[in-house]
Amino acid sequence: MTTETVNMLIAKAILAREQSYCPYSNFSVGASLLTDHGAVYTGSNIESASYTPTVCAERVAIFSAVHAGERSFSAIAIVGGKKDEFISSFCAPCGVCRQVMAEFCSPDFTIILFDGNETKIYTLAELLPESFGPSSL
């Protein structure tokens, strides 16, 4: 993956973060998902007062893409932190998001994290080893 692509995905994730609805945690997250043919879908976290229905930015982006008919993904960029503050730490996907990624993405799917200065890049297999997925059934 090129540096230009990584930077573009980070920039789109930062913009998506601005749409976060997080009145309870005050922790806003943005994600941008790249399909295998170059389309980008974004998402932000959306909270609920009863907490359980809250959905993460990563899943919003993935579900939006799947709803649009997409099924092949190559990378996702994720940024997060206190709302209205500069991004200052890495925001890795939660376990539920990693499991959703395992449903739709290959083990070599790229996960890009950005802390405002540095970028870390992982594969799904690195963040979710020994995953349970469609091939497990």
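Rule-based calculations on the coordinates, nothing more; no lab input. Worth saying up front: this structure is predicted, and the values here are computed from it rather than measured. So basically every Cβ, Gly included, is an ideal-geometry build from the backbone, and we count neighbours across all protein chains shown.
So which trypsin sites (Lys or Arg not before Pro) in the stretch 17-73 are both in a DSSP loop and have at most 13 other Cβ atoms within 10 Å of their Cβ? Intermediate values should be presented prior to the final figure.
Details: sites: ARG17, ARG59, ARG71; in loops: ARG71.
Hits after loop and neighbour filter: ARG71.
The stretch 1-52: which GluC sites (Glu not before Pro) are DSSP loop and have at most 15 other beta-carbon atoms within 10 angstrom? Before the final figure, lay out each step's value.
On the way: sites: GLU4, GLU18, GLU47; in loops: GLU18, GLU47.
Qualifying residues, ordered by number: GLU18.
Could you tell me which chymotrypsin sites (Phe, Trp or Tyr not before Pro) in the stretch 28-137 are loop residues by DSSP with no more than 16 other beta carbons within 10 angstrom of their beta carbon?
Numbers: sites: TYR41, TYR51, PHE63, PHE73, PHE86, PHE90, PHE104, PHE109, PHE114, TYR122, PHE132; in loops: TYR51, PHE86, PHE90, PHE109, PHE132.
Sites meeting the loop and neighbour criteria: TYR51, PHE86, PHE90, PHE132.
How long are the semi-axes of the ellipsoid equivalent to the stretch 3-132, from square roots of 5 times the Cα gyration tensor eigenvalues, in whole Å, largest first?
On the way: eigenvalues 85, 58, 40 Å².
Each semi-axis is the square root of five times an eigenvalue, giving 21, 17, 14 Å.
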